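Worksheet: the structure to be examined is printed underneath.
The values are calculated or read from the model by the stated rules, or taken from the named source; none is laboratory data. Just so it is clear, the structure is predicted and the values come from calculations on it, not from any experiment. In this analysis, Cβ positions are derived from the backbone assuming ideal geometry, glycine residues included, and neighbour counts consider all displayed protein chains.
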Amino acid sequence: MKKNKKAFITGVTGQDGSWLADFLLEKGYEVYGLIRRSSSFNTDRINHIYQNPEINNKRFFLRYGDLTDSSGLAKLLHQIRPDEIYNLGAMSHVRVSFDLPEYTGEVTGVGTIKILEAMRTSSAKARFYQASSSELYGGMDCPKKGYTEKDPFYPRSPYGVSKLYSFWSAKNYREAYGLHISNGILFNHESERRGETFVTRKITTAVARIKTGRQKTLYLGNLDAKRDWGDAKEYVRAMWMMLQLKKPDDYVIATGKTYSVRQFLEEAFGYAGLDWKKHVKFDPRYLRPTEVDYLLGDASKAYRVFGWKNQTSFKELVHRMVDHDMDRVTSGEKGDA
Ligand code: NAP
Ligand code: F7E
């Protein structure tokens, strides 16, 4: 009988990790997720898996660890011997990275070397996915059709700089040791599981609270920034597709369309029958010392090589998130989807 493939996911409690765990379990994988010890529960996004006795401890396993703890990572990879490793763990908030630059470097940058080293010494046959980001580009001199894998990087935050270190570490380990390592350069992707401090979910949560009389005002920073926003559920599929290729490489994953934060506001509030101008106020605390003004990605290489293409439109994504938050607020539910 053919054995199930084993996947190891760092960041399994995050937006992407949780969607990826769903996706891989559906495909028949055994999934091992790295979880940080926390004084309160942080498993909202994976409770539906964790609390399912048919899956938990049969094909889904949580293991304590941290990207700053190399010996723990090495021990886990040695025990699990995964076929695929998805390095999604990170201090992923760009604004917060200006407050915690050193910590962000430790986790989002050096953490990648720690898990790459653990892989090299104990699971060299595994395939490795590195969660790289459109923040690498920095938003300047964007080509008309969007950034491709060939465009230069110019990160504009400690988060972006840390991801740059990880991107090049992943590439270097691929070239130096012949390992199967791919970078997915993913542009912003959102969903009903997006953290509530990122702008899209902050808006859709506020729409639901304002609509039901639970909140009056939404405080935001720069409304002019433009982002290429896609659907996280589709983006985790691209991660998996990259690891199924014979040859590792780096790929942009994006929709090829860009919208401003203001346009997101118009769509989300408008969908709920509200006028955003009556509710949104400016708060300079949400500005960044250096902003990424404009992001647009060109994912034609991913389409050409493995047939990946964005399916969900901007409108569909915004409406899905508003619908979810309306349901959540009206049913008094606390956690994420
Ligand atoms: P997220 O929701 O913020 O999740 C981050 C995950 O990393 C959480 O599970 C978190 O655990 C974990 N983590 C944080 N510090 C850690 C540490 N020291 N050791 C181990 N795990 C740690 O992020 P996401 O949106 O799912 O993004 C997934 C990855 O893709 C991240 O690397 C992010 O930087 C990158 N990325 C995201 C986007 C996007 O638009 N979403 C685009 C490009 C790249 P806790 O739950 O314990 O905090
Ligand atoms: O900001 C502006 C803000 O924090 C988007 C991460 O997943 O995607 C994400 O990083 C834009 C920025 O995402 C608020 O200034 C205005 O221009 O939702 P965000 P991000 O910075 O693009 C990339 C690809 C990643 O890799 C990251 O991990 O919205 N904005 N007012 C605001 N942003 C926030 N968070 N909060 C505001 O109140």
Notebook entry, point to check: Name the pairs whose Cβ atoms lie under 6 Å apart, with the first residue in segment 48-69 and within 15 Å of Ser38 (Cα to Cα), the second assigned to a loop (DSSP other than H, G, I, E, B) and of a type outside the set (Phe, Trp, Tyr), and 6 or more positions between them or separate chains?
Noted result: Tyr64/Arg37; Asp66/Arg36; Leu67/Gly89
Item checked: Every residue from segment 160-190 that is in a strand (DSSP E or B) and within 14 Å of ligand 1 (Cβ to nearest atom) -> Ser182, Asn183, Gly184, Ile185, Leu186, His189, Glu190
Checklist line | Sole residue being more than 16 Å from ligand 1 (Cβ to nearest atom) and in contact with a Phe, Trp or Tyr (Cβ under 6 Å, 6 or more places away or on another chain), chosen from Gly213, Gly221 | finding: Gly221
Notebook entry, point to check: When segment 239-280 is examined, which residues are found to be part of a strand (DSSP E or B) and touching a residue at least 40 places away in the same chain (Cβ under 8 Å)?
Noted result: Asp250, Tyr251, Val252, Ile253, Tyr259, Val280
Notebook entry, point to check: For segment 73-108, which residues satisfy the criterion of being within 12 Å of ligand 2 (Cβ to nearest atom) and among the hydroxyl-bearing types (Ser, Thr, Tyr)?
Noted result: Ser92, Ser97, Thr104, Thr108
Margin query: It is to be established whether one or more residues within segment 192-207 are more than 15 Å from ligand 1 (Cβ to nearest atom) and surrounded by fewer than 19 Cβ atoms within 10 Å (Cβ to Cβ).
Written below: no
Check: Tally time: how many residues in segment 108-140 are under 18 Å from Phe8 (Cβ atoms) and assigned to a loop (DSSP other than H, G, I, E, B)?
Finding: 4
Notebook entry, point to check: Do we have any residue at all in segment 6-26 that's of a type outside the set (Asp, Glu), touching a strand residue (DSSP E or B) at 6+ places or on another chain (Cβ under 7 Å), closer than 30 Å to Tyr137 by Cα and free of Cβ contacts under 8 Å to residues at least 40 places away in the same chain?
Noted result: yes
Next item on the list: With the condition kept exactly as written, say whether any residue in segment 229-237 is within 11 Å of ligand 2 (Cβ to nearest atom) and β-branched (Val, Ile, Thr).
Entry: no
Next item on the list: Considering (1) under 24 Å from Lys277 (Cα atoms); (2) assigned to a loop (DSSP other than H, G, I, E, B); (3) touching a helix residue (DSSP H, G or I) at 6+ places or on another chain (Cβ under 6 Å), say which one Arg193 fails and leave the rest.
Entry: (1)
Check: Somewhere in segment 294-313, is a residue outside any loop (DSSP other than H, G, I, E, B), within 11 Å of ligand 2 (Cβ to nearest atom) and either of a type in the set (Gly, Ala, Ser) or modelled with pLDDT of 95 or more (or both)?
Finding: yes
Item checked: First in segment 306-333 and within 16 Å of Ile210 (Cβ to Cβ) and touching a residue at least 24 places away in the same chain (Cβ under 8 Å), second anywhere and of a type in the set (Val, Ile, Thr) and outside any helix (DSSP H, G or I), Cβ under 7 Å, 6 or more apart -> Val329/Thr212; Thr330/Thr212
Notebook entry, point to check: Taking segment 196-209, which residues are closer than 21 Å to Tyr259 by Cβ and either at pLDDT below 95 or assigned to a helix (DSSP H, G or I) (or both)?
Noted result: Val199, Thr200, Arg201, Lys202, Ile203, Thr204, Thr205, Ala206, Val207, Ala208
Item checked: 2 or more residues more than 24 Å from Gly184 (Cα to Cα) and modelled with pLDDT of 95 or more: qualifying strands (runs of 3 or more DSSP E) within segment 1-107 -> 60-64
Checklist line | Asp283 within 16 Å of ligand 1 (Cβ to nearest atom), touching a residue at least 40 places away in the same chain (Cβ under 8 Å) and farther than 24 Å from Arg193 by Cα | finding: no
Check: What do you reckon, is Val236 out of contact with any Pro (no Cβ under 6 Å at 6 or more places or on another chain), of a type in the set (A, V, I, L, M, F, W, C) and not assigned by TED's automatic domain parsing to the domain that holds Cys142?
Finding: no
Check: Taking segment 142-151, which residues are in contact (Cβ under 8 Å) with a residue 12 or more places away in the chain and part of a loop (DSSP other than H, G, I, E, B)?
Finding: Cys142, Pro143, Lys145, Gly146, Thr148, Glu149, Asp151
Next item on the list: Take Ser166 and decide whether it is at pLDDT 95 or above, in contact with a Leu (Cβ under 8 Å, 6 or more places away or on another chain) and surrounded by 23 or more Cβ atoms within 10 Å (Cβ to Cβ).
Entry: no
